[in-house]
Structure formats: C-alpha cells, structure tokens
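Enquirer: Take a look at the following structure, please.
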Amino acid sequence: MLRIEHFSKRYKGGKKAVDDLNLFVEAGDIYGFIGHNGAGKSTTIKSVAGVLEFEEGTITIDGIDIKENPVACKKCMAYIPDNPDLYEHLTGIQYLNFIGDIFEVEASVRKERIQRYGDQFALTGALGDPVASYSHGMKQKLAIISALIHEPKLMILDEPFVGLDPKATLLLKNTMHEMCRRGAAIFFSTHVLDVAEKLCNKVAIIKDGKLVVSGEMESILKDASLEHLFMEVTEHEK
Amino acid sequence: MRSKCLLLVKIQIQNLGLKKKWGVKQIFLAAIYVILLAMLASYSFGLAFGLGFLGMEELVPGCAVILPGIVTFFFSMLKTNGILFAYKDYEMLMSLPVPTRTVIASRFLLMYLFHLGMTAFVLVPMGIGYFLWAESSVMAVLIWITGIFLIPLIPTAAATLVGAGIIFISARFRRANAVSTVLTVLLTMSVLIASFGSTAVIPEEGFTPEQIGMIGKALRDSIYQMYPPANWFFRGVTGAGLMDFFLFAALSVGVYLIFVVLVSKNYKKMNTALMTHRTKGNYQVEKITAKHPVTAICQKEIRRFFGSTIYCVNMGIGVLMSLMLAVASFFVSDADLKRMLGVQIPEQMLKGILPLILGALIMMTCTTSVSLSLEGKNLWILKSLPITKEEIYKGKMLFNLLLQIPTALISSALLAVRFRVTGMTLITLFVYPVAAAFAGTVWGLFINLKLPVYNWTNETTVVKQSAASFFALIFGIIVSIPFMGLIFFVGDVSVGVLGVAEAGVLLLIAAGLWSYCRRVEF
C-alpha cells in the first residue's frame, strides 16, 4: 500500500532530516512510527502526504509514485496532521462538504457517512457552528471525520491521539481496526508507546533521521515492552 | 510601567518577523518602499513650496496636520481589529503580570510609531518647503519638529476609538464579522464621499492672481473650522499664539490618555466577545448538494472573504469605488466635471478614457494577489487534497471575477447612460473593464505565486502590507497610463476602436500570465 524507498530529506543549511529511509506498509497494517522529538517523523509523514517536496528516494501509494501522479495518490489516502489547523471561517459541515466535494464523494453517500461518524464522535450537534468555536479535541474529531467520509485506502496520522477524550480515543482505535479489516492501511506517529504497542501490528523506530528498527511488533518486542525497546534503541543503537 | 510597556513594544516589533539577512527579494522590496517614501517626501515639499509660491503659505501648517491626520485616521481604524483587539497573542499577554493599561499602551504605541514614521516623511520636507517662504525662527522650527511627534496622536486615538466602537457594536450580533464589515464599509464610503464632496465647496472663481488671497483665506478658514487643532498648530508655528500650541499639545496627549482609560474599562469584555463565538450546538444533518472541486474552492473563497473585515474592506475597495464613481457621476453636472478635471478634454476623448478609469478601479479588487498567502497555516489542506494546482487557481480566480465582472457591467451600464455613450465607444465601455478584470485577476495570481507570505500571524500583514497586494493595487494604474496616453496622442481616431484593441492587449497579457501560472507550484 505504501512503499518508502531510499527516502531522504534535506532542509536549508544542508542538515538531513531523514536519511535513506526504507519502509513498507501493507494493506491491513496498523503501522506505528515512533521516534524522539525532531527525529524526522513529521518530515516523513508530510512527504508521504504530499505536503512536503523531497528530492531523494521514491514514495509510492497503491503502486503510484507520488511525484509522478500526486492527485491519484492523494485520492486514495487521508492525512491528519498533529495540529489540525482547519478553516476557521467555515462551519464544521461546510468543511466536511468542502472535503467531500474535493474527493468527489456522492451527496447521498456523504450525508450518510457524516451522520454516522458525526454521531459516533459526538460532533453532529456542533457541525453547524464555526470551526473557530471548536476546542482542539473537536477540531481533531472533525479532521478525523473528514478523513473517514471518503473511505481512504491509506490513512496517515501525525500524533492522532493528542487532545482526544477517552471515548474518542477508543472510537478512533476501533475505526482503525475496522478500516484495516476492510483492507485499508494505517500509518501513524505517536509518543504514546503503550497505545502503539497494543494497537499496531508493525512498528518502526526512527532516530536522528535514520531508521533503527522496523518490522512485526511481536518479533521485535519478544518479551520486552515497546517502551523498553525504544529507550534501549534511542540511548544505545541496537 | 514604562519599562514593561517598552518591553512589550520591543517584542511586538521582533514578532513582525523582519529578516536579519537580506536576499534579493528583501532588497528589491526595500527599494520600492524607499522610492515610495521619496515620492511622498517630494510631494509634501512640492505642496508646501507651491503654496508658498502662490502666496498661500498660511495653508501649509494646516495641511501638515490634516493630510497625515486623514491617512493616519483611515489606517488606524482598519488596524484596530487585529492589532488592538483580537490579536493572536492576546491570551498570553493578558495572563502576564502586566496591567491592562500597559498592554493597551504598548499596542497603541506600535501603531503610533508606524504613523510617526509616515508623519515625519511628510512634515520634514513640508517644513523645509514652508520655511523657505514663511518667516522662520528657532521657536517656530522647534514647534514644527515637536509637531511631528504630536500630530499622529489625536487621529490614531480617535480612529482607534471609532474602530473600537465598531467592534463593540458588532460583538453584540451573532454575525459579528459581517456587521463589522458593513459598518466599516459604510464609514469608508462616507470618508470617500466627503472627499469627493469637498471639491464642490471650491468656489467657482478661476485662479486669477487677484482672487488667490480670497481662495487661500477661504480654504484656511475651512480647514481650521473643520479641525481646530490644525489652527492651534498654525498659531503656534507663526508665533500668533504660543498658548494655542500648548493647548494642541495638551489635547493630543489628553486624547491619548482618555483613549487608554476608556478602552481599558471594557478591554477584556470586548476581546472576549470578539474571540469567542456564539454556538448553537443543535445542528442536524440536512440535504447535501455535491459540487465540482473548482466550485468548492470558489465557495470556500467566498466564505473566507466575507468572514474577514480586513480582507473584505481592503480588497473590495476597487469594486466599491467603481460603483460609487458610476453613481456619483449622476450628481455631477458636465460643467462641474470640466472644472474638476481642470483641462479641456473633447467629449469623445472623455468617453474613451471612461473605460480605462473603470478598468483601473476594477483591477484594484484583486483577491488572487493574497488568496494563496491567506491560506497560511491551512496550506497543508490544499497540499494534501487530490486537486490539481490549476483547479485551485481556477477556483480562486473565479471568485475574484465574480466580484469584478458584475460590478464592471453595472458600472459600465450606469456610465453609458450618464454620458450618453454610443457606438464603438459603448462596446469598449463594456469590453475593456471585463478584459481588465481578467488581466488583473491573473496578474494577482502571478504576483502571489512570486511573492507569497505564508507565515503570518495577522491578516493585515498579507492584505495590507505585503508586496503582492501592493503590486496588485498599482497594476491597474500602471497599465492604464500608456493606454490613456495613446488616446490623447491619437486624437481623433476612433477611441472606441482603440479601446477594443487595448482590451485585446489586456486579454493577451492575461493569457500569457495564465500559461505561466498553471505550471508553477504554490
């Protein structure tokens, strides 16, 4: 579903934020992407989402190269950043309809999905209010709903659980499982290691722009915890 | 209190994000600003020198107070929302152990410093021009220099109070932004109408030498009646009344102090009203209509535009002025028009210039010059969506054209009736402004792609202070000048045919710019 091959990203001044990253996310995976602050997680995620340009390497989504056909890639994925700055001058429903129009989601289908996810995330009542009036958690929920209404094959999330209340957190986890059962893939970064350990079937740890660990959660962890592994890997490279 | 106030001002200046290292772009922009300031200084010197040459040097002190005062008033009023109220770091500032009055004083001081710079660029050259003709003394020069620091105080405080009043009234409504926009537009229109209307009070007497003194006295009395502090400054500079100057100084400082006391009483209440939103929380999903992606982008732009007073008023000024021009033309007789123009222009030539004037005004409304920049921190949304850049650009251009074209057609129709335009000239009157709309719209997109500003914290930075918005504003004027020159130069050749040809040139410019823009990533 997602293939990142020899991906490197260099910022102005020459510093490499990510160096020769190779990572593969298959359909049905919930893939956790973990690293310390400034490790290169957001850079990688933004490059996959098509938000950041990059010079080295290839990123393909469902077999399509994001540089050659960015629109086709973006059509089958959804991206939710860590701090979803949404259009504050729109109401929630206006924002959802905007996203629905861009993804060309049929009106009847769209209405049903907005109603469903709006009720599940307890946001329906607030959809008529301006986004400017939303709390951080409400904006996060709205961003998640906007990602779900077009049923992406690949969902990319940057720190998705920050700001969500416990009910919404559980709902998001269940939604991720449901999506993967239907053949989609999830790729997300997080600092909440015990959530990643329980939720993800695969994990990658990035340190200073380089991938240090990747693979099936069970085979990587063995009897240790993800927290223990992370500390060991980031303090002393394995 | 003073040191905390200055500290807050220093932080605000640092927060403007002025780059320490200057590249080609910064040097180019700085050069543009230097040229503009030089033009302002030249105009001010020329005005003072010219008035002195005509024996009307008495008017200069009044002009020194009124001219920067009007500009200061206008710009302060528009800056109130965003600099004094509802600014991004309001919550952080108000949580600090700093009195509210100090916070207000620091915000006011920032606006004052900006206007002080502008006032200095007017008053210094104007003072040089004035003292070449008027009697000068050390005291007079000292008063003039002191005036530079005092003149911006009253208009800044007054305008900010008016702006605060608009905010206070609009905050009581559910659609606070819409009410604020309407009130600001009405106030702007009043200022513009008053400016046009003041030309009607100029007496019919021609400028014969014998009547200059009478005209000068009439103008002086008119100015000083309208704005007494200008008279006090004049009396101080001419030595006729030093106490009057002290009264001017006391009033300037007094108005500022009253402003701080009045605003600080309701400061938190007004900011709370502005920065919180009324919510209903009872929405039920209604019928949904799917739209084409380009239409969706356009609709988003419409909501963005009307959701922001600063954006609406600043970018809408062009279409507003074109409508006002068309309507106002019905209230000006042919004789008054000739007198206002000051030169004898053949009627046919005047009809040929009308489309160009209309086109220049229409082109001043250029949302595309700032629309990409205004995405700001929301830019990730467009970048992550499955939509081509051409579709995004088309959606943004469509919105600007929706503002311009209907206005252009209505204004053209009104002017056609007023000036009894017929034949080829009539066709030009409709075709040229529409062509100008297309050219201005694509030019705006081009200049925004070249000079984007995404990391803003205050919309004013983009809408009023960005290089892109400036170049968009002057594009119409720059394009119109050679076209007008052609009309004057060509003389009796059909101005209608020439106008259509000029419209064709504009459409070619639009096509050329579009073929470039559609290949450029934002």
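Enquirer: Yes or no: A:Lys74 on the phi < 0 side of the Ramachandran plot, without any contact (Cβ under 8 Å) to a residue 40 or more places away in the chain and within 14 Å of chain B (Cβ to nearest Cβ)?
Expert: On the way: on the phi < 0 side of the Ramachandran plot: yes; without any contact (Cβ under 8 Å) to a residue 40 or more places away in the chain: yes; within 14 Å of chain B (Cβ to nearest Cβ): yes.
The answer is yes for A:Lys74.
Enquirer: Let me ask another. Taking the condition of being within 16 Å of B:Glu375 (Cβ to Cβ), under 17 Å from the mean Cα position of the chain (by Cα) and open to solvent by 20 Å² or more (accessible area, probe 1.4 Å), how many residues in the stretch A:72-112 meet it?
Expert: 3
Enquirer: Only one residue in B:Thr279, B:Thr295, B:Thr289 is part of a helix (DSSP H, G or I), open to solvent by 40 Å² or more (accessible area, probe 1.4 Å) and more than 20 Å from B:Met111 (Cα to Cα). Which one? Step through it out loud before you land on a result.
Expert: Values: B:Thr279 fails: part of a helix (DSSP H, G or I); B:Thr289 fails: part of a helix (DSSP H, G or I).
Checking each option against the conditions leaves just B:Thr295.
Enquirer: In the stretch B:64-80, how many residues are open to solvent by 20 Å² or more (accessible area, probe 1.4 Å) and either at pLDDT 80 or above or of a type in the set (Val, Ile, Thr) (or both)? Explain how you work it out, then say what you get.
Expert: The first filter runs over the stretch B:64-80 and keeps only residues open to solvent by 20 Å² or more (accessible area, probe 1.4 Å), leaving B:66-67, B:70-71, B:73-75.
Checking which are either at pLDDT 80 or above or of a type in the set (Val, Ile, Thr) (or both) leaves us with B:66-67, B:70-71, B:73.
So the answer is 5.
Enquirer: Out of B:Lys4, B:Lys10, which single residue is under 27 Å from B:Val453 (Cα atoms) and assigned to a helix (DSSP H, G or I)? Reasoning before the result, please.
Expert: Numbers: B:Lys4 fails: under 27 Å from B:Val453 (Cα atoms).
The unique qualifying residue is B:Lys10.
Enquirer: Then there is this: Hey, among A:Gly137, A:Gly215, which residue is over 17 Å from the mean Cα position of the chain (by Cα) and outside any loop (DSSP other than H, G, I, E, B)? Break it down stepwise before answering.
Expert: Details: A:Gly137 fails: over 17 Å from the mean Cα position of the chain (by Cα).
None of the other options fit; the residue is A:Gly215.
Enquirer: Kindly indicate the residue of the stretch B:249-275 that is among the β-branched types (Val, Ile, Thr) and open to solvent by less than 80 Å² (accessible area, probe 1.4 Å) and also nearest to B:Ile145 (Cα to Cα) among those meeting that condition.
Expert: Residues of the stretch B:249-275 that are among the β-branched types (Val, Ile, Thr), as a first pass: B:253, B:255, B:258, B:260-261, B:263, B:272.
Those still in the list that are open to solvent by less than 80 Å² (accessible area, probe 1.4 Å) too: B:253, B:255, B:260-261, B:263, B:272.
Values: B:Val253: 16, B:Val255: 20, B:Val260: 25, B:Val261: 28, B:Val263: 29, B:Thr272: 40 Å.
This residue is B:Val253.
Enquirer: Let me ask something else about it. Give the residues of the stretch B:31-49 that are open to solvent by less than 50 Å² (accessible area, probe 1.4 Å), over 20 Å from the mean Cα position of the chain (by Cα) and over 11 Å from B:Tyr130 (Cβ atoms), sorted by residue number.
Expert: Result: B:Ala31, B:Gly46.
Enquirer: Out of the helices (runs of 4 or more DSSP H) lying entirely within the stretch B:377-476, which hold 1 or more residues that are farther than 28 Å from B:Ile83 by Cβ? Give the derivation first.
Expert: Values: elements: B:379-384, B:389-418, B:423-450, B:459-463.
Ranges flagged: B:379-384, B:389-418, B:423-450.
For (1) open to solvent by less than 10 Å² (accessible area, probe 1.4 Å); (2) more than 14 Å from the chain's Cα centre (by Cα), each residue gets a yes or a no:
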| site | (1), (2) |
| --- | --- |
| B:Asn448 | yes, yes |
| B:Pro452 | no, yes |
| B:Asn455 | no, yes |
| B:Phe471 | no, no |
| B:Ile477 | no, yes |
| B:Ser480 | yes, yes |
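Enquirer: May I pose another question? Restricting attention to the stretch B:221-248, and to residues there that are assigned to a loop (DSSP other than H, G, I, E, B) and open to solvent by 30 Å² or more (accessible area, probe 1.4 Å), which single residue is farthest from B:Ala140 (Cα to Cα)?
Expert: Let us first name the residues in the stretch B:221-248 that are assigned to a loop (DSSP other than H, G, I, E, B), namely B:227, B:239-241.
Checking the rest, the ones that are also open to solvent by 30 Å² or more (accessible area, probe 1.4 Å) come to B:227, B:239-240.
On the way: B:Tyr227: 21, B:Gly239: 7, B:Ala240: 11 Å.
Selected residue: B:Tyr227.
Enquirer: Then there is this: Of everything in the stretch A:12-30, what is open to solvent by 40 Å² or more (accessible area, probe 1.4 Å), farther than 12 Å from A:Phe187 by Cα and either under 14 Å from the mean Cα position of the chain (by Cα) or without any contact (Cβ under 8 Å) to a residue 24 or more places away in the chain (or both)? Give them in sequence order.
Expert: Within the stretch A:12-30, A:Lys12, A:Gly13, A:Lys15 meet the criteria.
Enquirer: Provide a single number: the residues in the stretch B:292-310 that are within 11 Å of chain A (Cβ to nearest Cβ) and under 20 Å from B:Arg174 (Cβ atoms). Steps first, please.
Expert: If we filter the stretch B:292-310 for residues that are within 11 Å of chain A (Cβ to nearest Cβ), which is where we start, we get B:292-308.
Checking which are under 20 Å from B:Arg174 (Cβ atoms) leaves us with B:302-308.
So the count comes out to 7.
Enquirer: Just one of B:Ser411, B:Ser469 is of a type in the set (Ser, Thr, Tyr), in contact with a Pro (Cβ under 9 Å, 6 or more places away or on another chain) and within 25 Å of B:Leu323 (Cβ to Cβ); which is it?
Expert: B:Ser411
Enquirer: May I pose another question? I want to confirm something. Restricting to the stretch A:47-71 and keeping residues that are buried (at least 17 other Cβ atoms within 10 Å of the Cβ) and touching a residue at least 60 places away in the same chain (Cβ under 8 Å), which single residue is nearest to the other protein chains (Cβ to nearest Cβ)?
Expert: Taking the candidates together, the pick is A:Ala49.
Enquirer: When the stretch A:189-212 is examined, which residues are found to be out of contact with any Asp or Glu (no Cβ under 7 Å at 6 or more places or on another chain), open to solvent by less than 20 Å² (accessible area, probe 1.4 Å) and assigned to a strand (DSSP E or B)?
Expert: Result: A:Val203, A:Ala204, A:Ile205, A:Ile206.
Enquirer: Just checking, which of A:His150, A:His177 is open to solvent by 50 Å² or more (accessible area, probe 1.4 Å) and either assigned by TED's automatic domain parsing to the domain that holds A:Leu52 or more than 19 Å from B:Asn282 (Cβ to Cβ) (or both)?
Expert: Working: A:His150 fails: open to solvent by 50 Å² or more (accessible area, probe 1.4 Å).
The match here is A:His177.
Rundown of residues vs (1) over 27 Å from B:Lys4 (Cβ atoms); (2) open to solvent by 20 Å² or more (accessible area, probe 1.4 Å), yes/no style:
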| site | (1), (2) |
| --- | --- |
| B:Gly82 | no, no |
| B:Phe85 | no, no |
| B:Arg101 | no, yes |
| B:Ile104 | no, no |
| B:Met111 | no, no |
| B:Gly127 | yes, no |
| B:Val141 | yes, yes |
| B:Phe149 | no, yes |
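The values are calculated or read from the model by the stated rules, or taken from the named source; none is laboratory data. Since this is a predicted model, take the numbers as computed values, not measurements. Quick reminder, even Gly has a Cβ in these numbers, built from the backbone with ideal geometry, and neighbours come from all protein chains shown. Heads up: the accessible areas ignore ligands, DNA and RNA and are worked out on the full protein's heavy atoms, side chains in. Shrake-Rupley method; radii C 1.70, N 1.55, O 1.52, S 1.80 Å.
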